[in-house]
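The structure appears below as structure tokens.
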Amino acid sequence: MNRTVIISTIAACMLPAAVSAGTIDITVENIEKHTGTMHIGLYDADTYEGGKAINGANITVEADSVSVTLQDIAPGEYGVKIFHDEDDDGEMDTNPFGIPTEGYAFSNNAKGRFGPAKWDDAKFVVTDAGTAQIISLN
Amino acid sequence: MDVDRRQFIETGLTAGLLSACGLPTTASTEGGGGPAWHAGYRTAPAEGFDASPMRLVQGKAPTGLEGTLYRNGPAQFHYGNTHASHWFDGDGMIQRVHVEDGMAIHSGKFVETTKRTAEQAADRFLADGFGTKGDPSYPVQSSDDVNAANTSVVMAGGELLALWEAGSPWRLDPETLESRGPKVWRDDLKGMPYLAHPKIEPDGRIWNLGVNGTRIAIYLAGADGELIDFGLTDMGVPAYLHDWAMTDRHLVILVQPWLRTRMIPPFVDSLEWHPEDGLKILIVDKDDFSKTRWAQAPARAFFHTGAAWEEDDGTIKLDVAFYDEPILGSGGGASEIKGTWTVAERPPYQSKFSLLVIPPKGDARIIETALDGDFPQVDPRRHGLNRHLSALVTGVSDRHPGNTTLSVHDWDTGETDAFDFGSTRIAEEFLFAPKPGSSAERDSWLIGPVLNIKAQTREIHVFDARKVSDGPVCTWMADYTWPLGFHGMWA
């Protein structure tokens, strides 16, 4: 099984005191299974490809959609990676040929080509006024 | 023997009369012009074909012939001036011919795959295919994003499954042909490939394989569509595998030396022919997938087997449409799609319909017949068991692509009984439809479609398997055409 890089580092992050800050309202829709945990990771340009999440949330899944607001986000460009750990085993489950069998998605509903969505497709801007992302799970 | 002369004249006259009277002869496929045979390779209407009765134009529908012929095949070949670069890449369209009370009713509908939905919205080709290069910006997260669902069908659990070979089966309503999305055999098998040639035991259980590189997935499902068993094996080399065979005890996997030696799109461009490797045969115990043995035969390429059986001493026999080298490689069928095909493009070698004999130990032998056919079919009541008959299409015309003749070969006597439709018709795969009230192999009808090039019509012919050279028992006709397909089932 492939271990996801998303899960382990979300909770521990410490944000520097920001001069100004916005919020990101994230809604994840199209959830097939009402079990497990939705892992939402926020990344910047330096961390999006292979680095640790700089903010995020883990949400128990009980309905077709989940929502969360990430607070105190410094203005700038960010990307979101989402993984639905349907069986709460802490892993991105795959079929025997390596294709994910649990839901996942990226900000802007960006889609990859034989892999994760690229930063240029997933990045979005956060301002003091905040922003929202409505993301459909694959 | 040519098709009955009266029927030939009647079908030609019918189309002529309709147009002479100013009545519309249904425009069936997009675009006209080009050679008459091109009707088999033109894009079908996006809305499909509403159910409409076919006309009985010859003979009488046999009592007891009740069921549905489902066929799958590519039917989207063009967007504007661009065309698919390979015959295998058109979106799948299901043709349904329901036979009841002596009547035949045809309908057809595209399989609404992820690929088709995206390409219809964009009005252009996007996905990489078997032999068509896609748009690099088209997102592909699993093979189901490029799944054309265009190769065959199988019925499982009251659903019709449209089959490709590198992705999931696509679930359909068997009556309306409405698409219901990809089939997931089990949560942990989501998105796994499933070949277009499942093998159905006489008791209804469905075996099949799926291939990724050297690895092979093995599926066993009940007739109810529920997965019974799943396992993995390995063929050692990344061979292209389209079809396989099965006895009552073993899975028989022919590892042809057509190998994927690099990872480039489209898929077929990554294949190389390595005849020096020969044809390796992997035999897997159906009761324990870890029990395998290997056999070896001279190098051959193939797409289709009929079915295998096993003799008392463990010798395995199966019928295969072998080729000396691969056909339908890069650009295969593109000239047919464009309507520019000429006889000069036919490969110098045709298939050699053969019996592959695999002894319990030692090398396998290939016994070639004089038949140049493909699309072999057998009596479904005997799949995996000893039998005598194979039905296949044979013969070619210099005037059009495709086959002209239905042949039934008897492996016991070595004799072949055949019916030649002539050079104005293209014959497709014929399926065994067992006659009720008998279990004899020859107590079957053979049912299949034909494209009438001259009349620009479609025909469904029914033959008695006892003597196909007597000509069709009955023929229904549609006053329009639909594209040539690949495979189907009688259900």
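Go through region B:401-417 and report how many residues are of a type in the set (Gly, Ala, Ser) and either buried (at least 18 other Cβ atoms within 10 Å of the Cβ) or modelled with pLDDT under 95 (or both). Don't jump to the end; show me each part of the working.
Filtering region B:401-417 down to residues of a type in the set (Gly, Ala, Ser) leaves B:402, B:407, B:414.
Filter again for either buried (at least 18 other Cβ atoms within 10 Å of the Cβ) or modelled with pLDDT under 95 (or both), leaving B:402, B:407.
So the answer is 2.
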- May I ask you to list the residues in region A:72-94 that are more than 13 Å from every other protein chain (Cβ to nearest Cβ), closer than 19 Å to A:His39 by Cβ and acidic (Asp, Glu)? A:Asp85, A:Asp88
- Query: Of all residues in region B:206-222, which are more than 13 Å from chain A (Cβ to nearest Cβ) and of a type outside the set (A, V, I, L, M, F, W, C)?
  - Reply: B:Asn208, B:Gly222
- Task: Read through the list (1) surrounded by fewer than 19 Cβ atoms within 10 Å (Cβ to Cβ); (2) modelled with pLDDT of 95 or more, then give the number of the only condition that A:Ile82 fails.
- Result: (1)
- Task: Would you confirm whether any residue within region B:150-164 is farther than 16 Å from B:Gly108 by Cα, buried (at least 22 other Cβ atoms within 10 Å of the Cβ) and within 14 Å of another protein chain (Cβ to nearest Cβ)?
- Result: no
- Within region B:101-126, of all residues that are touching a Phe, Trp or Tyr at 6+ places or on another chain (Cβ under 7 Å) and among the acidic types (Asp, Glu), the one surrounded by the most Cβ atoms within 10 Å (Cβ to Cβ) is B:Glu119
- Query: Would region B:167-182 turn up any residue that is of a type outside the set (A, V, I, L, M), within 13 Å of another protein chain (Cβ to nearest Cβ) and surrounded by fewer than 24 Cβ atoms within 10 Å (Cβ to Cβ)?
  - Reply: yes
- Residue check: is B:Asp188 away from chain A (no Cβ under 11 Å), surrounded by fewer than 22 Cβ atoms within 10 Å (Cβ to Cβ), over 21 Å from the mean Cα position of the chain (by Cα) and not in a strand (DSSP E or B)? no
- The residue that is surrounded by the fewest Cβ atoms within 10 Å (Cβ to Cβ), considering only those in region B:368-380 that are touching an Asp or Glu at 6+ places or on another chain (Cβ under 8 Å) and either modelled with pLDDT under 95 or outside any loop (DSSP other than H, G, I, E, B) (or both), is B:Phe375
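Can you name the residue in region B:271-323 that is of a type in the set (Asp, Glu) and surrounded by 20 or more Cβ atoms within 10 Å (Cβ to Cβ) and, of all such residues, is farthest from B:Thr132 (Cα to Cα)? Write out each step before concluding.
Of the residues in region B:271-323, the ones of a type in the set (Asp, Glu) are B:272, B:276-277, B:285, B:287-288, B:310-313, B:319.
If we keep only those that are surrounded by 20 or more Cβ atoms within 10 Å (Cβ to Cβ) too, we end up with B:310, B:319.
Working: B:Glu310: 39, B:Asp319: 31 Å.
Ranking the candidates gives B:Glu310 first.
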- Could you check B:Leu392 against (1) buried (at least 20 other Cβ atoms within 10 Å of the Cβ); (2) more than 25 Å from B:Pro174 (Cα to Cα); (3) out of contact with any Gly (no Cβ under 6 Å at 6 or more places or on another chain) and say which number it fails? (3)
- Query: B:Pro326 passes all but one of (1) out of contact with any Asp or Glu (no Cβ under 9 Å at 6 or more places or on another chain); (2) over 30 Å from B:Ala127 (Cα atoms); which number fails?
  - Reply: (2)
- For region A:64-87, does any single residue satisfy the condition of being part of a strand (DSSP E or B), over 18 Å from A:Asn109 (Cα atoms) and charged (D, E, K, R)? yes
- Message: Regarding region A:111-120, can at least one residue be identified that is of a type in the set (A, V, I, L, M, F, W, C) and more than 14 Å from the chain's Cα centre (by Cα)?
- Response: yes
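Somewhere in region A:119-137, is a residue in a loop (DSSP other than H, G, I, E, B) and free of Cβ contacts under 8 Å to residues at least 60 places away in the same chain?
First pass over region A:119-137, keeping only residues in a loop (DSSP other than H, G, I, E, B): A:123, A:127-130, A:137.
Now narrow it down to the ones that are free of Cβ contacts under 8 Å to residues at least 60 places away in the same chain: none.
No, every residue in region A:119-137 fails to be in a loop (DSSP other than H, G, I, E, B) and free of Cβ contacts under 8 Å to residues at least 60 places away in the same chain.
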- Being outside any strand (DSSP E or B) and hydrophobic (A, V, I, L, M, F, W, C) is the filter here, so list the residues in region B:141-164 that pass it. B:Val146, B:Ala148, B:Ala149, B:Trp164
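Any chance region B:163-179 includes a residue that's of a type in the set (Phe, Trp, Tyr), touching a Phe, Trp or Tyr at 6+ places or on another chain (Cβ under 7 Å) and touching a residue at least 40 places away in the same chain (Cβ under 8 Å)? It would help to see each step written out before you state the result.
Here is the first cut: in region B:163-179, the residues of a type in the set (Phe, Trp, Tyr) are B:164, B:170.
After this cut, where a residue has to be touching a Phe, Trp or Tyr at 6+ places or on another chain (Cβ under 7 Å) as well, the list is none.
Scanning region B:163-179, I find no residue that is of a type in the set (Phe, Trp, Tyr), touching a Phe, Trp or Tyr at 6+ places or on another chain (Cβ under 7 Å) and touching a residue at least 40 places away in the same chain (Cβ under 8 Å), so the answer is no.
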- Message: Please pick out the residue among A:Phe114, A:Phe97, A:Phe106 that is in contact with a helix residue (DSSP H, G or I) (Cβ under 8 Å, 6 or more places away or on another chain), among the aromatic types (Phe, Trp, Tyr) and either within 9 Å of another protein chain (Cβ to nearest Cβ) or buried (at least 19 other Cβ atoms within 10 Å of the Cβ) (or both).
- Response: A:Phe106
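The values are calculated or read from the model by the stated rules, or taken from the named source; none is laboratory data. It should be emphasised that the depicted structure is a prediction, and the values quoted were computed from it without experimental measurement. Cβ coordinates were reconstructed from backbone atoms using ideal geometry, including for glycine residues, and neighbour counts include every protein chain displayed.
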